[in-house]
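Enquirer: Pasting in a structure now, in structure tokens, and then I'll have a few things to ask.
What follows draws every value from the coordinates through simple rules; no lab data is involved. Every value quoted in this text rests on a predicted model; they were computed, and no experiment measured them. Using ideal geometry, Cβ is built from the backbone for each residue, glycine included, and neighbour counts are taken over all protein chains shown.
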Amino acid sequence: MGVRVRPADDVRAEELAQLTSELVRAKGVNPPGDVTEVAGVIREWLSERGFSPEVKEYERGKPNVIARAGSGRPTLILNGHTDVVPPGDESRWRYPPFSGKVVDGRVFGRGAADMKGGLAVLMAVFAELGPAVEREGSGSLVLAATADEEVGGGAGVKALVEDGALAGDAAIVAEPTSVDTICIGEKGLCQVRLVARGVPAHGSLPLLGDNAILKLIRAVGRAQEVVEELNRDLRPPDELRDALRDSARAYMEGARAPGLGEEDFTRAVGSISFNPGVIRGGSKINVVPDLAELELDMRLPPGSSPGQVIGRLREALSGLAEVEAIDTSEPNYTPPGEAIVRLVGEGVEALGARPRHIIMTGATDGRHLRARGVPTVIYGPGRLTVAHSYNEYVEVSDLANTYAVIRGAATRYLGLRLAP
């Protein structure tokens, strides 16, 4: 990528590595999602630097830490989540998963990439720029260290925006993207349960019953046909054409999947995915089953919607299976021409790299901010392909580089008079 850490950032890089390590050691595994210890570390760190953070807790053990500097508009939100996924089999880790070990220019541990490293970067940017925002009266800077992202953000960003406790004119969410990559959008979520019902009978005389499993099999095949039909008619917004291409290339590089090319990944990002994930049915081998269920996960690109997909499925599967919504969210994106996208991109260019705009196939807390009309970019240290893996890590150079980009973008967005 040609991305380098400038010599002036060496000390900052070491400070960011140590702060990331401290946050990793504070754990915050979700489930159950208790991030009290992580929130305590953040509150103490901010208090030592003269800030007075507030805490909003919508669910016991899931505090959200909010710090503010300045007043009025524009308001820029810096958001990162405090929870992490479970470490899995700890014997498969090179170092203990919550050691925060710093070795050979990397911070290791569960959450190092997703996203204690990004959180450390945002904390450092807020601590440096906060006094200038107060002094110059050029708007507001908000740091939101939030809970519950790994299970949907219901007690975190989602609750905060619905409560009116988190609002702004733009936002940067420091999830791992790689230093040259800016996520401007996310596929939507459409998870449904297909329920087929039948009539029980003895397995030796299946003609006396109605086999729910066989009905479910037919329903799944028909559901896949429906999704293929929807994909043939799908037309993503023109302004996302370049982002879809860059997304395909980014995923292809990260996945290293032999036999799959750019066209395959372009289709994966720009179409509705179809993944039957869980199936249940029957009670005994010699009984005709009267109930069978399947949980189906679909991710939707801009240009489609969960309501449209569920409506078509219910129509097509009538008489075969019921279609129950489990969880949904709309596809969402921030237009490439938005100021916050441009400013982060300028910071990436200053590092000597070409910024890539991508659409993420998964979901982040950015969707809750965009749903409230807040232009949001996802940009932070670490690689998405390393998140949730054994031996998760974040490069110390990534911490320093993304710090420089986010600091610069925030400085220019708020019109601060600071040296580069």
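Enquirer: Within the stretch 323-363, which residues have the backbone N less than 19 Å from the label spot 7 Å out from Glu229 along Cα→beta-carbon, could you tell me?
Expert: 323-324
Enquirer: Given R₀ = 22 Å, FRET efficiency for Glu295-Arg256 by Cβ-Cβ distance, to 0.05?
Expert: Plugging the Cβ-Cβ distance into 1/(1 + (r/R0)^6) gives 0.15.
Enquirer: Suppose we keep just the DSSP beta bridges with both residues in the chain; what percent of those would be antiparallel, to 5?
Expert: 70 percent
Enquirer: Could you pull out every residue, at least 5 positions away or on a different chain, whose amide H is within less than 5 Å of the one on Asn332? Hs are placed 1.01 Å off N in the peptide plane, and Pro or chain starts have none.
Expert: Answer set, sorted by chain and number: Glu186, Gly188.
Enquirer: Please give the length that would be gained between Asp163 and Lys284 if that part of the chain were fully extended, namely 0.36 nm times their separation in residues minus their C-alpha to C-alpha distance (nm, one decimal).
Expert: That pair, Asp163 and Lys284, stretches by 38.7 nm at full extension.
Enquirer: Which whole-number percent is the relative contact order of the stretch 266-420 (Cα, under 8 Å, 6+ apart)?
Expert: Rounded, it is 18 percent for the stretch 266-420.
Enquirer: Considering just Cα atoms, how many Å³ per residue does the convex hull of the stretch 168-290 enclose?
Expert: That works out to 193 Å³ per residue.
Enquirer: Could you go through the stretch 80-92 in sequence order and give the Karplus-derived ³J(HN,Hα) for each residue, using 6.51 cos²θ - 1.76 cosθ + 1.60 with θ = phi - 60°, rounded to whole Hz, and x for Gly and Pro?
Expert: Once θ is set to phi - 60°, the couplings for the stretch 80-92 become x, 9, 9, 8, 9, 7, x, x, x, 6, 5, 5, 8 Hz.
Enquirer: Right, next: Would you pull out the residues with amide H under 5 Å of Thr75's amide H, same chain only if 5 or more places away, H placed 1.01 Å from N?
Expert: Ser140, Asp169, Ala170
Enquirer: Scanning the chain for helices, which whole DSSP H stretches are 20 Å or more long along the axis (Cα) and average -1.0 or more by Kyte-Doolittle?
Expert: Sorted by number, the helices that extend far enough and score high enough are 10-25, 117-136, 212-233, 241-255, 396-413.
Enquirer: Can you work out the Karplus-derived ³J(HN,Hα) for every residue in the stretch 282-289? Use 6.51 cos²θ - 1.76 cosθ + 1.60 with θ = phi - 60°, whole Hz, and x for glycine or proline.
Expert: Each residue of the stretch 282-289 in turn: x, 10, 6, 4, 9, 10, 5, x Hz.
Enquirer: Right, another one. Contact order normalised by length for the chain, with contacts defined as Cα pairs under 8 Å and 6 or more residues apart; what percent is it?
Expert: Answer for the chain is 26 percent.
Enquirer: Going by a ≥ b ≥ c, the root eigenvalues of the Cα gyration tensor, does the stretch 16-169 fall in the rounded group (a/c under 1.5), the prolate group (a/b larger than b/c) or the oblate group?
Expert: oblate
Enquirer: Tell me the mean residue ellipticity at 222 nm calculated for the chain from its helices only (DSSP H runs of n ≥ 4, each -39500 (n - 2.57), averaged over every residue, nearest 500).
Expert: -11500 deg cm²/dmol
Enquirer: Now a separate question. Which entries in the list Lys187/Lys284; Lys56/Lys187; Lys101/Lys187; Lys56/Lys116; Lys62/Lys215; Lys158/Lys215 go over 31 Å, if you measure between the two C-alpha atoms of each?
Expert: Lys187/Lys284; Lys101/Lys187; Lys62/Lys215; Lys158/Lys215
Enquirer: Here is a follow-up. So how do Lys187, Lys62, Lys215, Lys101 line up by other beta-carbon neighbours within 10 Å, fewest first?
Expert: Listed from fewest to most nearby Cβ atoms, that is Lys101, Lys215, Lys62, Lys187.
Enquirer: Taking θ as phi - 60°, what are the ³J(HN,Hα) couplings along the stretch 318-328 by the Karplus curve (6.51, -1.76, 1.60), each to the nearest whole Hz, with x for Gly and Pro?
Expert: 4, x, 9, 7, 7, 10, 10, 6, 9, 7, 9
Enquirer: Can you give the FRET efficiency to the nearest 0.05 for Arg241 and Val103, using r as the Cβ-Cβ distance and R₀ = 41 Å?
Expert: 0.45
Enquirer: Give the percent of DSSP beta bridges with both residues in the stretch 3-142 that are antiparallel, rounded to the nearest 5.
Expert: Of those bridges, close to 70 percent are antiparallel.
Enquirer: Take His388, His357 and order them by how many other Cβ atoms sit within 10 Å, fewest up front.
Expert: His388, His357
Enquirer: Okay, next question. Got a sec? How would Ser397, Ser283 order by Cβ neighbour count within 10 Å, fewest to most?
Expert: Fewest-to-most ranking of Ser397, Ser283: Ser283, Ser397.
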